[in-house]
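J.: For reference, the structure I am asking about is given below.
What follows is calculated from the coordinates using simple rules that are stated; it is not laboratory data. These numbers were taken from a predicted model, which means no experiment stands behind them. Note that each Cβ is placed from the backbone with ideal geometry, even for glycine, and that neighbours are counted across all protein chains shown.
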Amino acid sequence: MAKNTIKGKIAIDRERCKGCQICIEVCPTNRIEVDRSLNKKGYSPARFKENVSEGEKGCTGCAQCATVCPEVAIEVYRAK
Amino acid sequence: MRGSHVVGEAAVRAGCRYYFGYPITPQNELPEYLSARMLDVGGTFIQGESEVASINMVLGASVAGGRVMTSSSSPGISLKQEGISYMAGMELPGVIINMMRGGPGLGNIAASAADYFQATRGGGHGDYRTPVLAPSGCQELAELTFVAFDLADKYRNPVMLLGDGLMGQVMEPVVFPDFIDIKDLPQKDWALTGCDGREPRAIFSMLLGQGELYTHNLELQKKFDRIKAEEQRWETKNAEDADIIVVAYGTAARIAESAMDDLRSEGLAVGLFRPITLWPYPMTTLRELAKNGRKVAVFELCLGQMVEDVILSVGERAEIYFYGIPGGNIPTPAEVANFLRSVAKGDGKVGRRIEI
Amino acid sequence: MSAEVAYKQVFGWPESLKKNPTHYCPGCGHSIAHRLVAECLDELGLREKTIGVPPVGCSVLAYNYFNFDMVEAPHGRALAVATGVKRVHPDKIVLTYQGDGDLAAIGTAETIHAANRGERITTIFINNAIYGMTGGQMAPTTVLGQNATTAPGGRDPMLHGQPIDISRMLAISNGVVYVERCAVSSFKHIRKAKKAIKKAFQCQLDDLGFSIVELLSPCPTNWKMTPKAAWAWVNEEMVKTYPLGVIKDETGYEDKK
């Protein structure tokens, strides 16, 4: 696994998420997917793909997802 | 001092430091006076772009904790009804001066008193009441302005002072109550001041939660019940031995009082009941007066609005007569005296008997 | 693997925003606008000296979301209410947060005159070209051809007039010192919008005059689009009627850089 490309991680609050999928649209390294299991409000929330497959890039901590998230449902962390 | 100026000076002395209003005859002298006087005392004067804007500036200054006033005349008061309803729902103090003129619509600029329903029965939407004070001359304009601010703060409610175009223009000697230092004004621990050192506050009148508006209205009603119990004001003159009680407020009461004095010198036993709070109307007091075969003669500068509160107060206990002149025409004491003589005879020649 | 790396948080909850979940629709621009306002107030240290006036509209309950003093206003009257507040507390930050009906239909007079008086108030104007709260009626800002429940078949200039550009109208007034139109429908737009909002608050802090930031905002529900499509519609279609950018800037801030 390419350890040194994983510069960041996010935490999505799945109960806050309303499934608008804008974060999925904007993520430059394709680290977010739709979680088909519904949250308590009946939305299919976004889910962080923590495991990075071969050939994929990891989360860079760019915070684009959090910036566009209307629900402030995403916390972003960068490696120090 | 002229009536309109009296109100302005009284407001300043009562600690009012914020005035927002729009010109409308016959009360322009009030904003004109305050445009200079407010600045003297470090207050704020804005000529708003409309009566609508003005009442909303009042709402804003009130929620921020200020002692604040607006004024207008009948058509402009119609415009303020939305703001007054909101202030009642949000429990915000404020004083609204209405120098009444002829209506409906644009009407004329003469002194009429046809806004009684508007003042006492709303005229905004929802289950609320507005205390209404009815001065009958310059001295009372001064004193009741102080009372209006105190009532507004005490009950966190808009309060209306009902004058008319004649009262606003007439000049009379006035002794003002003492200047109130704004430091001595009641503290408002509910006002919006920025949430430094405390939880943020939100002040609003929309309550969508299950049962919230129901509860809120019941609470407001308790407040209105307290006002009814404690804040009724009236004056009676020569009522003890009267055969006829004439009921009138404001300018109409001054005319009726002259008529009463003239008729007394003729030997006709006339007394005067003058409500000073139109809401809460002093119903119990009037009901007490309407016994022993007395007749109740209602005189208004309109075609019959307060008379309905008289009917509510008196019912079938006494004969009720009514004489009213609309459109800003002001009858002389002699014409009112003719009405009262007609009431004494019961001949229905001037005014009419109210059939219940 | 993650356990071996130390992380620091770079994006979190602003203090000026309460943690209540909002009632806004998925993909709505309000939530983003709220967050940007909250972030700017936090960064400027203004939360405890701010008093806000929300509109009547979808964000009527904004006092459940913003974590500072707020007062409801009748529909359209926010800038008159804000004027009253600011005159009592000239040292506090007073902002209004209004939609297109509130600011540019029923409240047009109050908007123009507060701006014209140069009231030291900052207005955040959410333009979503529709009446959201009441179910999708035409707004003064509905664009030509755009469908609305009271303009079936789309906005027609002969029947409904052209969409109004209230920001440009306000810019004419000498009391207005800063007008910028941004959007909240892409990462880049959101970043620019935040800068504009912060600048608008700075105008008030520096006692310069009235400032307004218009934010083009998606309304997926009433535009009958998915959030993705609604965001794209702002970026591709709405900006044709409402081009983004600075409309007026007399702050002098750019010159100082």
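J.: On full extension of the chain, what length is gained from B:ILE182 through B:LEU303, given 0.36 nm per residue of separation minus the C-alpha to C-alpha distance?
T.: Working it through step by step, the gained length comes to 39.3 nm.
J.: Next question. Provide A:VAL52, B:VAL296 in ascending order of the number of other Cβ atoms located within 10 Å of each residue's Cβ, fewest first.
T.: Lowest to highest Cβ neighbour count: A:VAL52, B:VAL296.
J.: Between the DSSP loop rule and a limit of at most 10 other Cβ atoms within 10 Å, which trypsin sites (Lys or Arg not before Pro) in the range B:252-344 are left?
T.: Within the range B:252-344, the qualifying trypsin sites (Lys or Arg not before Pro) (loop, at most 10 other Cβ atoms within 10 Å) are B:LYS291.
J.: How about the range B:126-188: which chymotrypsin sites (Phe, Trp or Tyr not before Pro) there are in a DSSP loop, with at most 13 other Cβ atoms within 10 Å of their Cβ?
T.: Values: sites: B:TYR128, B:PHE146, B:PHE149, B:TYR155, B:PHE179; in loops: B:TYR128, B:PHE179.
Of the chymotrypsin sites (Phe, Trp or Tyr not before Pro), the ones in loops of the range B:126-188 whose Cβ has at most 13 other Cβ atoms within 10 Å are B:PHE179.
J.: I would also like to ask the following. Can you grab the distance from the C-alpha centre of the range C:78-151 to the C-alpha centre of the range A:2-80, Å, no decimals?
T.: Each part's Cα centre sits 35 Å from the other's.
J.: Ok, one more. For a 20 Å ceiling on Cα separation, which of these pairs sit above it: A:LYS18/C:LYS188; C:LYS228/C:LYS248; C:LYS92/C:LYS199; B:LYS188/C:LYS49; B:LYS188/C:LYS18?
T.: Cα-Cα > 20 Å for A:LYS18/C:LYS188; C:LYS228/C:LYS248; B:LYS188/C:LYS18; rest within.
J.: I'd like the trypsin sites (Lys or Arg not before Pro) in the range B:134-215 restricted to DSSP loop residues with at most 11 other Cβ atoms within 10 Å, sorted by number.
T.: Within the range B:134-215, the qualifying trypsin sites (Lys or Arg not before Pro) (loop, at most 11 other Cβ atoms within 10 Å) are B:ARG198.
J.: Calculate, in nm to one decimal, what B:ARG198 and B:ASN292 gain on full extension: separation in residues at 0.36 nm each, minus their alpha carbon distance. Each step should come with its number before you reach the end.
T.: Working: separation 94, 0.36 × 94 = 33.84 nm, distance 6.12 nm.
Between B:ARG198 and B:ASN292, full extension yields 27.7 nm more.
J.: Quick check on the exposure proxy: order B:ASP243, B:ASP181 from fewest to most C-beta atoms within 10 angstrom.
T.: Least to most surrounded, the residues fall as B:ASP181, B:ASP243.
J.: Which longest run of chain B has no exposed loop site in it, a site being GluC sites (Glu not before Pro) in a DSSP loop with at most 10 other beta carbons within 10 Å, and the site itself not part of the run?
T.: B:1-239
J.: Can you classify the range B:4-111 as rounded, prolate or oblate using the Cα gyration tensor, where a ≥ b ≥ c are the square roots of its eigenvalues, rounded means a/c under 1.5, and otherwise it's prolate if a/b beats b/c and oblate if not?
T.: Details: a/c = 2.00, a/b = 1.17, b/c = 1.71.
It is oblate, given that a/c is not under 1.5 and a/b is not larger than b/c.
J.: Would the range B:86-208 count as rounded, prolate or oblate if I go by the C-alpha gyration tensor, calling it rounded below 1.5 in a/c and otherwise prolate when a/b exceeds b/c, oblate otherwise?
T.: Note, shape of the range B:86-208 comes out oblate.
J.: Going by how many other beta carbons lie within 10 Å of each one, how would you line up B:THR251, C:THR150, fewest first?
T.: C:THR150, B:THR251
J.: Provide the per-residue ³J(HN,Hα) series for the range C:244-249, in order, calculated from phi with Karplus coefficients 6.51, -1.76, 1.60 and θ = phi - 60°, each as a whole number of Hz, with x at glycine and proline positions.
T.: So the Karplus estimates, Gly and Pro as x, are 7, x, 6, 9, 7, 8 Hz.
J.: Measuring from centroid to centroid over Cα atoms, what is the spacing of the range B:167-239 and the range C:183-256 in Å?
T.: What the calculation gives is 41 Å, centre to centre.
J.: Now for a separate question. Per-residue mean of other chain beta-carbon atoms within 10 angstrom of the beta-carbon, peptide A:55-62?
T.: 1
J.: Tell me the net charge near B:ASN98. Cut-off is 13 Å between Cβ atoms, B:ASN98 excluded, with +1 for each Lys or Arg and -1 for each Asp or Glu.
T.: With Lys, Arg at +1 and Asp, Glu at -1, the net is -1.
J.: In nm, give the distance between the simple-model label positions of B:LEU218 and B:THR332, each being 7 Å from the Cα along the Cα-to-Cβ direction.
T.: With each label point 7 Å from Cα toward Cβ, the separation is 5.9 nm.
J.: Rounded to the nearest 0.05, what FRET efficiency is calculated for C:ASP206 and C:GLN9 with R0 set to 35 Å and r the Cβ-Cβ distance?
T.: For R0 = 35 Å, the calculated efficiency reads 0.65.
J.: Which of rounded, prolate or oblate describes the protein assembly as shown when judged by the alpha-carbon gyration tensor and an a/c cut-off of 1.5?
T.: Prolate, since a/c reaches 1.5 and a/b exceeds b/c.
J.: Once you put a point 7 Å from the Cα of B:ASN108 and another 7 Å from the Cα of C:GLU250, both along the Cβ direction, what distance in nm separates them?
T.: 4.7
J.: Could you pull out every one of the lysines with an alpha carbon less than 18 Å from that of A:LYS7, ignoring same-chain neighbours closer than 8 positions?
T.: Counting by Cα, and skipping residues close in sequence, A:LYS7 has these lysines nearby: A:LYS49, A:LYS57, A:LYS80, C:LYS8.
J.: Quick check: residue separation of B:ARG226 and B:GLU316 times 0.36 nm, minus the Cα distance between them. What number comes out in nm? Numbers along the way, then the final one.
T.: On the way: separation 90, 0.36 × 90 = 32.40 nm, distance 2.75 nm.
That works out to 29.7 nm of additional length.
J.: Here is a follow-up. Partner chain Cβ atoms within 10 Å, averaged over the residues of B:35-46 - can you pull that number for me?
T.: Numbers: counts 0, 0, 0, 0, 0, 0, 0, 0, 1, 6, 1, 7.
Partner Cβ neighbours, averaged per residue: 1.
J.: Right, something else. Helix-only estimate, please: 222 nm mean residue ellipticity of the protein assembly as shown, summing -39500 (n - 2.57) across DSSP H runs of length 4 or more and dividing by its residues, to the nearest 500.
T.: -10000 deg cm²/dmol
J.: Once amide H atoms are placed 1.01 Å from N in the peptide plane, what residues at a sequence separation of 5 or more from B:VAL298, or on another chain, have their amide H within under 5 Å of its amide H?
T.: Those lying under 5 Å, H to H, from B:VAL298 are B:VAL247, B:TYR321, B:PHE322, B:TYR323.
J.: Which value in nm describes the separation of the simple spin-label points at B:LYS154 and C:ASN147, placed 7 Å from the Cα toward the beta carbon?
T.: 6.0
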